[in-house]
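Remarks on the structure that follows.
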Amino acid sequence: MALVKRMKTAENFFGQIVIGPPGSGKTTYCGKVYDFYKDKLNRKVEVINIDPANENMNYNPKIDIMQLITVEEVMQNLNLGPNGALMYCIEYLEENFDWLLNQLMEIKDSYLIFDMPGQVELYTHHSSLKCIFEKLEKLNYHLCAVHMIDSHYCSDPPKFISTLLLSLSTMMQVALPHVNVLSKADLLKRNASKLDFGLDFYTDVLDLEYLLDLLDDGQFTKKFKKLNAAIVELIQDYGLVAFIPLDVKSEKSLLELKSAIDKANGYIYGSGEERSIQALLSCAVGARTETERYDVDYM
């Protein structure tokens, strides 16, 4: 009944779903973006925690799944391991979607940031979160998936190929507008001399034939030459994966990522935020103009 009532409204709601493997910096990003949007852009914003094992939040969530269910409780009561307990929690949230929706309905005129769990199977083949996202889309929630990957995976060709496959699989399964992010970009730039290629190769996912040469010469990957070639061809045929580097300590970096996300989910900012953005741009040394930024059509 609540779903039907909400669908009759003409309101539109905007936000981002922050996903990615454990250790990629999701919760840190959510806290930084909350402060940046609120303090620098004058954007009303709220963070929603959907990770039932998130005990180190650096923000105060408006909605917290841990008030509904926690991994620790499930492990104790159902004798499950950490991964099984987390899957149970997300399935329980899907079954109790009205619990989430009723609290979302109390949030007025705010941009939403969803801090999500890190288990990759939730985004590659498990259906509960996808069903939750689909329900929200039908209720005029315009969401963008922000897929965070630790940039240290660029240092090793097999790991980078695995990252590309994970990103592609996640994009296909989640089926939301999608922005891929290389987190901890400050560390990546600091160690750029140790990389096999320039930074643009990894962010723009340039000609992977060069990466294939490294795979074919690798000690453990050279015996899989046909498989390596097939994987590279698959990624290039789809042509969907590219990355935006992110340094959460840099306002310029946060601003560039914000622009890509706003473009992906269709968010239209008001004049107050526009003035804030122009002020930030004028203060940023070497800041690029709007047309010089990442002008990529994300899925």
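If packing is taken as the average count of other Cβ atoms within 10 Å, what order do 56-65, 164-173 fall into, highest mean first?
Details: 56-65: 16.8, 164-173: 19.1.
Top to bottom by mean Cβ count within 10 Å: 164-173, 56-65.
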Would you mind calculating the gained length between residue 217 and residue 172 on full extension (0.36 nm times residue separation, minus the Cα-Cα distance), in nm to one decimal? 13.1 nm
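Neighbour counts of other C-beta atoms within 10 Å: give me 127, 253 arranged from fewest to most. Mind dumping the intermediate values first?
Values: 127 13, 253 18.
Ranked by crowding around the Cβ, least crowded first: 127, 253.
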Give the long-range amide H neighbours of residue 142: residues separated by 5 or more places, or on another chain, with amide H under 5 Å away, using H modelled in the peptide plane at 1.01 Å from N. 13, 14, 15
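Over all pairs of distinct alpha carbons, what does the Kirkwood formula give as the hydrodynamic radius of the chain, in Å? Walk me through the numbers on the way to the answer.
Numbers: mean 1/r = 0.0490 Å⁻¹.
Mean inverse Cα-Cα distance, inverted, gives 20.4 Å.
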If N is the residue count of the stretch 119-180, its Cα Rg over 2.2 N^0.38 Å rounds to 1.23
So which trypsin sites (Lys or Arg not before Pro) in the stretch 97-151 pass both tests, a DSSP loop state and at most 14 other Cβ atoms within 10 Å of the Cβ? 108
In whole Hz, what ³J(HN,Hα) sequence does the stretch 66-82 give by Karplus (6.51, -1.76, 1.60; θ = phi - 60°), x for Gly and Pro? 6, 7, 9, 7, 10, 4, 4, 4, 5, 4, 6, 7, 10, 6, 9, x, x
If you average 1/r across every pair of different Cα atoms in the stretch 52-185 and take the reciprocal, what Kirkwood value do you get, in Å? 16.4 Å
Amide H contacts under 5 Å for residue 24, placed H, 5+ residues apart: none
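Beyond a 25 Å Cα-Cα separation, which of these cross-linked pairs lie in this structure: 159/189; 38/249; 26/225; 40/135; 32/189?
Those over the limit are 26/225; 40/135.
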Using the basic label-point model (7 angstrom from Cα toward the beta carbon), what is the residue 102 to residue 126 distance in nanometres? 2.5 nm
When the Cα atoms of the stretch 57-101 are enclosed in a convex hull and the volume is divided per residue, what value in Å³ results? 77 Å³
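Filter the chymotrypsin sites (Phe, Trp or Tyr not before Pro) in the stretch 155-260 down to the DSSP loop ones having no more than 13 other Cβ atoms within 10 Å, then list what survives. Present the calculation step by step, with values, prior to reporting the outcome.
On the way: sites: 160, 197, 201, 202, 210, 220, 224, 238, 243; in loops: 197, 220.
The qualifying sites are 220.
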Got a sec to turn the phi values of the stretch 101-107 into Karplus ³J(HN,Hα) couplings, 6.51 cos²θ - 1.76 cosθ + 1.60 with θ = phi - 60°, whole Hz, x for Gly and Pro? 5, 4, 6, 4, 5, 7, 8
Are there GluC sites (Glu not before Pro) in the stretch 88-142 that DSSP marks as loop and that have at most 15 other Cβ atoms within 10 Å, and which are they? 106
For residue 207, put the label point 7 Å out on the Cα→Cβ axis and report which residues of the stretch 228-262 keep their amide N under 20 Å from it. 228-243
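Using the reciprocal of the averaged 1/r over all distinct C-alpha pairs, how large is the Kirkwood radius of the stretch 142-280 in Å?
Numbers: mean 1/r = 0.0612 Å⁻¹.
Value: 16.3 Å, from the Cα pair sum.
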Note to self: C-alpha centroids of the stretch 211-256 and the stretch 128-155 sit apart, in Å, by 20 Å
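None of the figures in this text is laboratory data; all of them are computed from the coordinates on show. Not measured: the values here are computed from a predicted model. Every residue, glycine among them, receives a Cβ derived from its backbone with ideal geometry; neighbour counts consider all protein chains shown.
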